[in-house]
Amino acid sequence: MKHRLSADNGMQLLLDVSETCKTHTLPLFSTYGCVLAEDVTARLPVPPFARSPYDGYAFRSADTVSASPEHPVVLRILEELPAGTVPTMPVTAGSASKILTGAPVPSGADTIVKYEETVFTAETVSLSSPYNPGNIVAMGEDVSVGTLLAQKGTLITGPLMGVLAGQGFSSVQVYRRPVVSVISTGSELVQVGSPLPGGKIYSTNLYTLGGLLRDLGVEVLDGGTVADNPDAISARIARELDTADMVITTGGASVGDYDYTKVASVRAGAEILFKKLAFKPGGSMMAGVKNGKVILGLSGNPGAAAIGLLRVASPYIRKLCGRSDLQYETIQVQLKKPLKKASPQMRFLRGHLSVEGGTAFFLENRSQGNGSVSSLLQCDLLAEIPAGSPPLDAGTMVKAYRITI
């Protein structure tokens, strides 16, 4: 077991745990938020035929060489082509086809003109200037056959679903969502919906962490609430490991008289990877592994627990989901307001991004306490303040992690 490692060291120890990602095939409509388990290449060109970009007329540009306002060229209309129809007649000299947006371009035509640039009747269309070939959306202009559309490990978004639908995929192979059980420990906890006795607090970590875990792509189980008893906690961890791919406990991860997570994990048969990391808040955390499954012990304080989850554990959880992009994007931002306190050890601040005049600023959220849940509202940045930093002036550049799905 390693003690007081850096956040990066703790993250790497988790990433070093091998995982087995199971796959299954789902209907395309059900894959939003899932992770591709195979490379997907285009089997059709997009568009699958040359089509019109707007409503107008398709004709031969050669027929308009002598066209002018004084001597317009008059072309005979062969047919009307709405989207979804197929041309039945080729465009020949002296003729044109009325064509609507998205319709296939008839053979023989090499250009298209908008309605408003013409004078037309039901039988003819008059053109008052020469036209060059063009104004046609070529077959395969968007996607050509064989193009790699998405790699294995890619998160499926709405636009990607649309791309796959455009290729005719009705189902795709994806990774099964891993199951993570969240156990809340602490004799002071009361389930929401129950009366709140004196000295007790409502249990919130399941909801806070459960939402963050769902954002990461996992299925969340309620592992229940357990009093501060090492045997009871150990038994609950062992029970949840039978059905879950990973178990997270909250509370009991520090060094107090009632902090039993490490002892309980060992009794459940886990090998401890690390205990306590060198950052605040959230560094009071531990991790162990049993039969290839990770047991993660986080602080009982919601704000601290969320930071430990996001900064240290999220890359492993993404890996468990099958994703290829494991870590949050980091950016450089300026502090909007000064930090009045020195940072003897690494510190993480919850805040949000503000762009003003082309400059990216970090705006610190209110209430940065370990137990603050409200500080996570509108939190899309975690600012990293290096250990040993003095008070920092507004405008100081800092590294920040973008908290995105």
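The values are calculated or read from the model by the stated rules, or taken from the named source; none is laboratory data. Remember, it's a predicted structure, so these values are computed and weren't measured experimentally. Positions of Cβ are generated from backbone atoms using ideal geometry, with glycine treated the same way; all protein chains shown enter the neighbour counts.
Side notes on the structure shown:
- Any hit, the stretch 65-78, residues being of a type in the set (S, T, N, Q), in the same structural domain as Gly168 (by TED's automatic domain parsing) and over 30 Å from Gly282 (Cα atoms): no
- Criterion applied to Ile233, Ile248, Ile237 was being touching a helix residue (DSSP H, G or I) at 6+ places or on another chain (Cβ under 7 Å), crowded, with 16+ Cβ neighbours inside 10 Å and not in a helix (DSSP H, G or I), and the one residue passing it is Ile248.
- The stretch 358-405, residues that are part of a loop (DSSP other than H, G, I, E, B), of a type in the set (A, V, I, L, M) and under 20 Å from Asn205 (Cα atoms): Val373, Leu377, Ile403, Ile405
- Among residues of the stretch 361-381 that are under 18 Å from Gly300 (Cα atoms) and among the β-branched types (Val, Ile, Thr), those with a beta-carbon under 9 Å from a residue that is at pLDDT 85 or above and part of a loop (DSSP other than H, G, I, E, B) at least six positions away or on a different chain give the pairs Val373/Thr204.
- Of note, Ala253 does not satisfy the criterion of being assigned to a loop (DSSP other than H, G, I, E, B), modelled with pLDDT of 95 or more and under 20 Å from Gly308 (Cβ atoms).
- 2 or more residues modelled with pLDDT under 95 and in contact with a helix residue (DSSP H, G or I) (Cβ under 6 Å, 6 or more places away or on another chain): qualifying strands (runs of 3 or more DSSP E) within the stretch 124-192: 179-185
- Any hit, the stretch 378-394, residues being of a type in the set (S, T, N, Q), out of contact with any strand residue (DSSP E or B) (no Cβ under 7 Å at 6 or more places or on another chain) and at negative phi: no
- Yes/no for Val355 being farther than 30 Å from Ile156 by Cβ, assigned to a strand (DSSP E or B) and not assigned by TED's automatic domain parsing to the domain that holds Asp16: no
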